[in-house]
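Single-structure report; data block below.
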Amino acid sequence: MNHKYRINIIWSDEDKCYLVELPEFSNALQRYFTHGDTYAEAIANAEEVLELLIEDYEASGKPLPSPQVLQLA
């Protein structure tokens, strides 16, 4: 699997953990998909959730969101 999706990780003082956002899969009802007590744990969890989301989209025949690409001037 060679998909290139963004992973945003932010620290939440309220939750005392790193929250993971997958922007291409986010919507009005769900912005954060997983979390981690450490940055490394948040990355590992993000990779696992991303893999599961892609598998679900493919299994249900839904088109995958287009990866957001950074345009440098």
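Six or more apart or on different chains, Cβ under 7 Å: which pairs go from a residue in segment 1-24 that's without any contact (Cβ under 8 Å) to a residue 24 or more places away in the chain to one that's open to solvent by 100 Å² or more (accessible area, probe 1.4 Å) and not in a strand (DSSP E or B)? Could you list them?
What qualifies is 21/31.
I'd like to check something: does segment 61-73 contain any residue that is open to solvent by 50 Å² or more (accessible area, probe 1.4 Å) and outside any loop (DSSP other than H, G, I, E, B)?
So far as segment 61-73 goes, no, none of its residues is open to solvent by 50 Å² or more (accessible area, probe 1.4 Å) and outside any loop (DSSP other than H, G, I, E, B).
Looking at 41, 24, 48 in this structure, which one is more than 20 Å from residue 64 (Cβ to Cβ) and either of a type in the set (Asp, Glu) or assigned to a loop (DSSP other than H, G, I, E, B) (or both)?
Selected residue: 41, the only one of 41, 24, 48 that is more than 20 Å from residue 64 (Cβ to Cβ) and either of a type in the set (Asp, Glu) or assigned to a loop (DSSP other than H, G, I, E, B) (or both).
Looking at this structure, is residue 39 in contact (Cβ under 8 Å) with a residue 24 or more places away in the chain, of a type outside the set (Asp, Glu) and in contact with a helix residue (DSSP H, G or I) (Cβ under 8 Å, 6 or more places away or on another chain)?
Considered against the rule, which asks whether it is in contact (Cβ under 8 Å) with a residue 24 or more places away in the chain, of a type outside the set (Asp, Glu) and in contact with a helix residue (DSSP H, G or I) (Cβ under 8 Å, 6 or more places away or on another chain), residue 39 comes out as no.
The values are calculated or read from the model by the stated rules, or taken from the named source; none is laboratory data. Note that the structure is a prediction, hence the values are computed from the model and not measured. All Cβ positions, even for glycine, are placed from backbone atoms using ideal geometry, and neighbour counts span all protein chains on display. When the accessible area is computed, the model is the full protein with side chains, heavy atoms only, and any ligands, DNA or RNA have been set aside. Shrake-Rupley method; radii C 1.70, N 1.55, O 1.52, S 1.80 Å.
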